[in-house]
1. Grab the helices (runs of 4 or more DSSP H) fully contained in the range 126-202, keeping just those with 2 or more residues being open to solvent by less than 50 Å² (accessible area, probe 1.4 Å), farther than 20 Å from PRO225 by Cα and at pLDDT 75 or above.
2. Cβ-Cβ under 9 Å, sequence separation 6+ or interchain: first residue in the range 249-278 and within 15 Å of ALA305 (Cα to Cα), partner among the acidic types (Asp, Glu) and assigned to a helix (DSSP H, G or I). Which pairs?
3. Looking at ALA111, ALA91, ALA107, can you tell me which residue is of a type in the set (A, V, I, L, M), farther than 30 Å from SER299 by Cβ and at pLDDT 85 or above?
4. Just for the range 31-62: of the residues that are among the polar types (S, T, N, Q) and closer than 12 Å to PHE5 by Cα, which one is most open to solvent (accessible area, probe 1.4 Å)?
5. Give the range 4-47 a look and list any residue that's assigned to a strand (DSSP E or B) and touching a helix residue (DSSP H, G or I) at 6+ places or on another chain (Cβ under 7 Å), or say none.
6. Considering only the range 303-324, how many residues are in contact with a His (Cβ under 8 Å, 6 or more places away or on another chain) and charged (D, E, K, R)?
Amino acid sequence: MHVLFVDENPGRLTQLAGQVASTYRWNTTTVSTIGEVVGALTAERWDALIAADDEFGDGSSALALARLKQPSATRCLVRLGRGNDPSSALAVAEIAHRVLDDVPSPASLRAMLVVMGVGGMRAPQDLVDTIGAVAGLPSVARILTDLKTILTDPTCSADRVAAIVRTEPAIAAKVLHLANAGLAGRVGTVHDLEQAAALLGMRVLRQVVLASAAFTAAEQLGVDPTLVAAVQRHGVAVAAAAIESGTLPPHAAVGGLLLDIGLPLMALTWPDVHADLRQMVHERSVPLHVEEMRVLGTSHAEAGALLARRWSLPTGVVEMIAGHHFVPRSSTPERRALGYVVHRAAQLGDPAGRDIHDHGVEVDVPEWVDRWRVEDVERTGPPDVEL
């Protein structure tokens, strides 16, 4: 693994770089100036950048540069001496994939990077670059009025905001991302939107929701607005099916909401080719994910799962996104097949839940699944680390 450490005032982060290099045989380099960051990013491709952000330096500037020059690299910010300042939380989250409030141990750093898929994203480089660079996903303008009304109400509760957030996949993903990326403190894995909203606090949540709703990738990045609308309709219908079942775990609804979050990523990465594929599947009534694998070597399920890992979303959500078009071959199929089960229930029970691009769920596992199994999107970390 190739990891660049940015430590403007060499100290504990520099020490950590030496420890992981000797313990895990990683290729590490430590730099202390923006000029050195530019040189390192120009000379070599890095799997991850770990930057310190304290009262003397600004590690976020280094990560912003990395996002521009090497978007595929995972960006982690260690906020030493900065506290948990809500006013800068959103800006930091748009740059860093993970925020830490202290220098981690070598084992913790390794486990964190493994869970985020660092060094393990076996996907086309163009797609990995898109996943690393994207700051948000499309939101739908029709919820803007509700959100603005609710968030300007001083008596508004986190539960009330969560109810609106649940209808918007892009905002739901960003809220969960922030809660699991360190900005809500050390609380373990956050699966539920109400819990995430309560932990983040209303000040941070207002920034997250309003900024996410205002950001429309369909306009700024050229994603087909009809695709964006279809992703939302489908996600809401799947989430509703999960809730109505009354027997599924809490994260089933969140995972259902985000099942097709990889579709805009595919459209961003290969706009012309993917548009042609979407048109073709309508004409021939063939599953989109199968054609994606045939032509591009990856699928929107894989793209969505990779994004979910990079954003530190819960493993259960990652598994749902990864496996929603087939029953993964696994020693625990009842757990890893949850996405498939919820997806199928939505398609059978609600016309809006029918995937407009896939014409039904695969009953038999396609042969190409042997190349991409769940273990390819979920690495096993140390026994004492909850993934």
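1. 158-165, 169-180, 193-200
2. Going by the 9 Å Cβ cut-off, the qualifying pairs are GLY255/GLU319; GLY262/GLU302; MET266/GLU292.
3. None of the others qualify; the one that does is ALA107.
4. THR33
5. Correct list: LEU4, PHE5, VAL6, THR28, THR29, THR30, VAL31.
6. Of the residues in that region, 1 qualify.
The values are calculated or read from the model by the stated rules, or taken from the named source; none is laboratory data. Predicted model only: the values in this text are computed from it and were never measured. A quick note on method: Cβ atoms are made from the backbone with ideal geometry, for glycine too, and the neighbour counts reach across all protein chains shown. Protein only, heavy atoms only, side chains kept; ligands, DNA and RNA dropped before computing areas. Shrake-Rupley method; radii C 1.70, N 1.55, O 1.52, S 1.80 Å.
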